[in-house]
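Please read the structure below before turning to the comments.
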Amino acid sequence: MTEIINIELSRLDSIEETAKIQRAADFIKEGKTVVFPTETVYGLGANGLDGVAVKKIFIAKGRPADNPLILHISDEKMLENIVTDISEAAKKLMKAFWPGPITLVLHKTGNVPDEVTAGLDTVAVRMPGHPIALRLISAAGKPVAAPSANISGKPSPTEASHVIEDLDNKVDMIIAANNSKIGLESTVIDMTLTPPVLLRPGGITKDQIEAIIGKIEIDKSITSRIQELEAVRSPGMKYRHYSPDAKMILVRGEKQNKIKKIIELADFNNAKGIKAVILATTENLDAFRGYEVLRLGASDDPEEIMANLYQCLRKCNSMKAGIILSEAFGEDELELAISNRLIRAAGYNVIEV
Ligand code: AMP
Ligand code: MG
């Protein structure tokens with residue numbers, strides 16, 4: 001049985017809400033699993049120093065054991081116990097962006113169980129910028145290992161209802177709160193390499209990072225398809241990810257060509273009895289009138305698109321879409337994170353027009 005508790009952000013300092021967070025922290029200390037909100041997506045947490053507790057995360061999600069987890073901390077003092085050799089560049093990123101949506105891969109100490117790192121000698125660490133997450137970790141008094149709180153392969157949850165759909169009766173507790181503001185998983189950067197390597201794009205962009213520490217590299221798995229046997233720096237990137245139930249196609253190109261192609265594909269599928277759902281930017285909604293359309297957000301507001309993306313993919317499931325047709329995005333700034341997730345959700349199905 002899963003205990004579901006609602007926490008009101010505006011009343012976080014009240015005795016009632018404090019007691020709820022304390023109870024959740026006790027669950028973590030007892031080796032149980034607790035889903036909690038973060039500013040990126042909801043996380044499925046357990047005591048990050050307890051290998052047995054961490055295993056429960058993998059079981060609940062159906063996550064492959066070779067895909068390592070991120071340790072979430074509430075205070076830089078927690079780093080001492082879990083990482084060594086923190087470079088000056090890593091310290092600068094922490095100072096600039098923590099708490100916030102960037103995860104640093106660092107050298108681990110022997111205190112971090114192999115279950116967390118999938119046997120690697122590095123560990124991924126983040127200080128989340130969400131008051132409930134920070135208070136929970138602080139009350140637990142230890143790093144909390146937490147991947148996204150979805151069944152492995154599905155879109156990450158940005159609302160409590162998504163978590164309940166995936167994990168009710170599979171975890172010990174779910175903390176339900178407001179929607180995740182950012183909506184895509186954190187940026188991941190490997191700080192053990194010189195120059196550092198961006199492993200996953202997210203809410204903190206390459207340009208923002210380079211403004212603080214200078215030139216970094218982008219791992220090629222971000223923009224191109226990984227061959228199954230190729231060595232992967234970020235093991236998570238090799239799995240089918242962020243996927244809606246239906247087949248999905250991205251259409252890239254100049255505005256009018258893109259619209260024409262999407263309509264052609266929608267008509268073709270609808271005529272065969274395959275329900276087409278279109279994911280479109282706000283300014284193209286009119287062009288798709290009469291079709292089943294979900295609004296991603298304004299094309300000049302990637303933050304809005306990030307915040308809506310997973311909710312749209314889950315909506316396609318509840319609408320029983322037979323095929324999803326989406327506009328494709330670019331690779332500059334925040335669009336890199338959007339494209340990275342969309343391309344994986346679409347299984348690399350991109351049509352250029
Ligand atoms: P999730 O928590 O589901 O958002 O996934 C965490 C991501 O961080 C995955 O893509 C992992 O492969 C990546 N990750 C975690 N630990 C490491 C590590 N030690 N080295 C490289 N990538 C990591
Ligand atoms: Mg995930």
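The values are calculated or read from the model by the stated rules, or taken from the named source; none is laboratory data. Bear in mind that the values here come from a model prediction, so they are computed numbers and not experimental data. Ideal geometry is used to build each Cβ from the backbone, glycine not excepted, and the neighbour counts take in all protein chains shown.
To keep it simple, each residue is scored yes or no on (1) loosely packed, with under 15 Cβ neighbours inside 10 Å; (2) in a strand (DSSP E or B).
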site: Glu264; (1), (2): yes, no
site: Phe268; (1), (2): yes, no
site: Leu279; (1), (2): no, yes
site: Leu296; (1), (2): no, yes
site: Ser299; (1), (2): no, no
site: Ala307; (1), (2): no, no
site: Asn317; (1), (2): no, no
site: Ser326; (1), (2): no, yes
For the stretch 134-170, what are the residues that are at negative phi, among the small types (Gly, Ala, Ser) and more than 13 Å from ligand 1 (Cβ to nearest atom)? Ser138, Ala139, Ala140, Ala160, Ser161
Every residue in the stretch 78-94 that is assigned to a helix (DSSP H, G or I) and not hydrophobic (A, V, I, L, M, F, W, C), please. Glu80, Asn81, Glu88, Lys91, Lys92
Among (1) closer than 22 Å to Gly183 by Cα; (2) at pLDDT 95 or above; (3) in contact with a strand residue (DSSP E or B) (Cβ under 6 Å, 6 or more places away or on another chain), where does Ser234 come up short? (2)
Which residues, counting only those in the stretch 171-218, are of a type in the set (Asp, Glu) and out of contact with any strand residue (DSSP E or B) (no Cβ under 9 Å at 6 or more places or on another chain)? Asp207, Glu210
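Residue check: is Asp114 charged (D, E, K, R), within 16 Å of ligand 2 (Cβ to nearest atom) and in contact (Cβ under 8 Å) with a residue 60 or more places away in the chain? Before the answer, list the steps.
Working: charged (D, E, K, R): yes; within 16 Å of ligand 2 (Cβ to nearest atom): no; in contact (Cβ under 8 Å) with a residue 60 or more places away in the chain: yes.
No.
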Provide a single number: the residues in the stretch 142-153 that are over 11 Å from the mean Cα position of the chain (by Cα) and surrounded by fewer than 24 Cβ atoms within 10 Å (Cβ to Cβ). 4
Please work out which residue is nearest to ligand 1 (Cβ to nearest atom), limiting yourself to the stretch 114-130 and to residues that are surrounded by 22 or more Cβ atoms within 10 Å (Cβ to Cβ) and within 15 Å of Asn81 (Cβ to Cβ). Val123
